[in-house]
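Participant: Here it is, the structure, as C-alpha cells.
The values are calculated or read from the model by the stated rules, or taken from the named source; none is laboratory data. Since the structure is predicted, the reported quantities are computational estimates derived from the model, not experimental observations. Here the Cβ positions follow ideal geometry from the backbone for every residue, glycine too, while neighbour counts run over all protein chains shown.
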Amino acid sequence: MKKKTKSNVWHIQWMLLAFVALCFTGCKDDNEDQGEAFDPNKPIVISDFSPKKGGVGNNLILYGDNFGNDISRVKVTIGGKDARIITVKNKSMYCIIPPKAYNGDIHVSALDDNGQVISSAEAESTFEYEKKWMVSTAFGTHYENSNEFFDMKDGPLDAGGGFGNVFWFSWDPLSDYNKLYFTNDGKTTRYLDLEKNEIGTFSHGFDRVTAMTWTLDGDLILSHNHSSDTRTANYLYTRESNYSTRETLGGYARGVNGTMVHPINGEFYYSRYRAGDMWKYDFETGESSLCFQNPYSGVAIYLVPHPSGNYAYMLEQEFYFIMRTDYDWISKTFTTPYAICGTGNAWGYSDGIGTHAQLNRPIQGVFVKNPDYAGQDDEYDFYFCDKNNHCVRILTPTGRVTTFAGRGNNGTSGLFDGEVRTEARFNEPRALTFDPKRNCFYVGDGLNKIIRKIAKETE
C-alpha cells in the first residue's frame, strides 16, 4: 500500500513539553544545585521516577544524582527503547516515553565525546508500560489532490487505489468478520475480504447508496437515497442468488439515509430525510407502518441499533446531536426519540454530559462492549464519527461524550498516524466499525479517501 502520512505534529508538542520541563525544574528548591556537569568519579544514581506507569508520548521525570547537564552526553532507555530527553539538570531529568517500551526497565547512561557509554545505572523498579491505541493507514492510497482525483482498484488489498468518501461500513454477518462492505461515493458498493486479502466491487446500478444493512438470515439490504416521491428506495439482495436478484421492500420513499434491522426480531427500519419520520417493514406481513414522526424534518438521520435491541441511536448531523429511540417489546416498534447528547441546532466541539457536549455532524457509530461495565444494565459504549470535528468520539450509557481519536474541533483536520489523541489526525471521517476478531476499529477517512485503522500497540 502506498501512503503518504505526515509526522511533524510532534514538533509543536516538543516545544510545549520543553517549556513545561523548564517550569518544573525552575520550581525546584533553589538550594539544590542541579546544574553541575557529570562527574566521572561519581556513580549515576536513579532514586525515583514519576509517574510509575504510562504509555508512548507521556512524560517521565527521573530523580537522582550525577545526570549531568548536557543532553548530548546522556542517554535514557525505557524497555530498551531510546527516550527523548527534554531537559537534564544533574539531579532531575525530563523525558518522553518511547513507543513499545514493554518491559519497563529504566537505564541512564553517560556518554563520552564519541557517544560511547562511560557510566550507567538502572532503576531498582520498573516502569509499567501501558499499550496505547494507535492510528495507522490500513487500506488505500492517499493522493495529495485526492479531492479531485483518486483511482479505484480491485484486487489485492495492497494494490493501491483510493476510496471516494467511504460513507458506511457493514460486516457480512455470516463472514466471521472477514468481509466488510462499504459505500464508496454513493455510486459503488465495495468490500474488503480480509481472509482472501482482496478488495472487490458490488454492482447495483444506483447513483446514491448511503445506507446498507443485513437481515438476520444474511441477505443484503441497500437503500437508494433518491429525491422522488414516486420511487421505492429499499432493496433486498438474496444470499441464495449470490446477490444477483433483488426485491423491493416497502413502498415509495425518498431521502432514505438511515436503515437498520432489529437484532432480535428482525424487522427492517428506515428513516426519510424530507419527512423526518421512521418506518418499519415487517418481513412476515410485507407491510410498512409509521413508527413516529421525528420532531425534526429535513434532516439526515442515521440509525444504529443496540445489540440488545432495547434501543437505537439516531445520529442527526444537520442538527448536531444524537437521539435515542426505545424499543417497545409489546407493540414491537420503536418509540418517539429523545435527545441524548449534543445541543440540537448549534454545532461546536466540547466533551461533556448530555447537552453540555457539542458535536459537529455525527454520522456512523458502533456499539462496543466495555469490560468495565460487566454486570451493569448496559455494557456498551458507543463510538461514533464526528465528521466536521475530524475525530472519533465515545458516548457512554450515562450520556457522557469524550474524544477517542483525533484532535477535535473544526480546523484540526489532516493525515497523521500515531497515538490516537496526541498525534492522529483525520479529514472528515464518516464511516466507523469495530472488528472484534482483530480488536481494532476501521475508519472511513472521507476526504483523505483512505481507510484508517485504530488498534492497540503490538509487539
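Participant: Pairs please, first residue from the range 235-262 and closer than 28 Å to residue 299 by Cβ and among the hydrophobic types (A, V, I, L, M, F, W, C), second anywhere and at pLDDT below 95 and in a loop (DSSP other than H, G, I, E, B), Cβ atoms under 7 Å, 6+ apart in sequence or on different chains.
Facilitator: Taking only residues 6 or more apart or on different chains, the pairs are 256/225.
Participant: Among the residues of the range 351-378, which ones are of a type in the set (S, T, N, Q) and touching a helix residue (DSSP H, G or I) at 6+ places or on another chain (Cβ under 7 Å)?
Facilitator: Residues of the range 351-378 of a type in the set (S, T, N, Q): 355, 358, 360, 364, 370, 376.
Selection gives 360 alone.
Participant: Residue 206 - would you say it is among the aromatic types (Phe, Trp, Tyr), surrounded by 13 or more Cβ atoms within 10 Å (Cβ to Cβ) and closer than 25 Å to residue 315 by Cα?
Facilitator: Details: among the aromatic types (Phe, Trp, Tyr): yes; surrounded by 13 or more Cβ atoms within 10 Å (Cβ to Cβ): yes; closer than 25 Å to residue 315 by Cα: yes.
Answer is yes for this residue.
Participant: Still on this structure, please answer the following. When you go through (1) in a strand (DSSP E or B); (2) in contact with a His (Cβ under 6 Å, 6 or more places away or on another chain); (3) of a type in the set (A, V, I, L, M, F, W, C) one by one for residue 206, which number turns out not to apply?
Facilitator: Every listed condition holds for residue 206 apart from (1).
Participant: May I ask you to say which residue of 250, 266 is of a type outside the set (Val, Ile, Thr), assigned to a strand (DSSP E or B) and over 27 Å from residue 165 (Cα atoms)?
Facilitator: Details: 266 fails: assigned to a strand (DSSP E or B).
Just one listed residue meets the conditions, 250.
Participant: With the requirement that a residue be within 19 Å of residue 69 (Cβ to Cβ) and either in contact with a strand residue (DSSP E or B) (Cβ under 9 Å, 6 or more places away or on another chain) or of a type in the set (Gly, Ala, Ser) (or both), what does the range 108-140 give you?
Facilitator: Correct list: 108, 109, 110, 111, 112, 115, 117, 118, 119, 120, 121.
Participant: Just for the range 34-72: of the residues that are assigned to a loop (DSSP other than H, G, I, E, B) and of a type in the set (D, E, K, R), which one is nearest to the chain's Cα centre (by Cα)? Don't jump to the end; show me each part of the working.
Facilitator: Going residue by residue through the range 34-72, those that are assigned to a loop (DSSP other than H, G, I, E, B) are 34-44, 51-52, 55-58, 66-70.
With of a type in the set (D, E, K, R) added as a condition, the list becomes 36, 39, 42, 52, 70.
On the way: 36: 47, 39: 49, 42: 50, 52: 28, 70: 40 Å.
Selected residue: 52.
Participant: Give the range 293-316 a look and list any residue that's surrounded by 16 or more Cβ atoms within 10 Å (Cβ to Cβ), assigned to a strand (DSSP E or B) and either over 31 Å from the mean Cα position of the chain (by Cα) or not charged (D, E, K, R) (or both), or say none.
Facilitator: 301, 302, 303, 304, 305, 311, 312, 313, 314, 315
Participant: Can you say whether residue 244 is in the same structural domain as residue 348 (by TED's automatic domain parsing), surrounded by fewer than 17 Cβ atoms within 10 Å (Cβ to Cβ) and in contact with an Asp or Glu (Cβ under 9 Å, 6 or more places away or on another chain), as far as the supplied structure shows?
Facilitator: On the way: in the same structural domain as residue 348 (by TED's automatic domain parsing): yes; surrounded by fewer than 17 Cβ atoms within 10 Å (Cβ to Cβ): yes; in contact with an Asp or Glu (Cβ under 9 Å, 6 or more places away or on another chain): no.
When the stated conditions are applied, residue 244 does not pass them.
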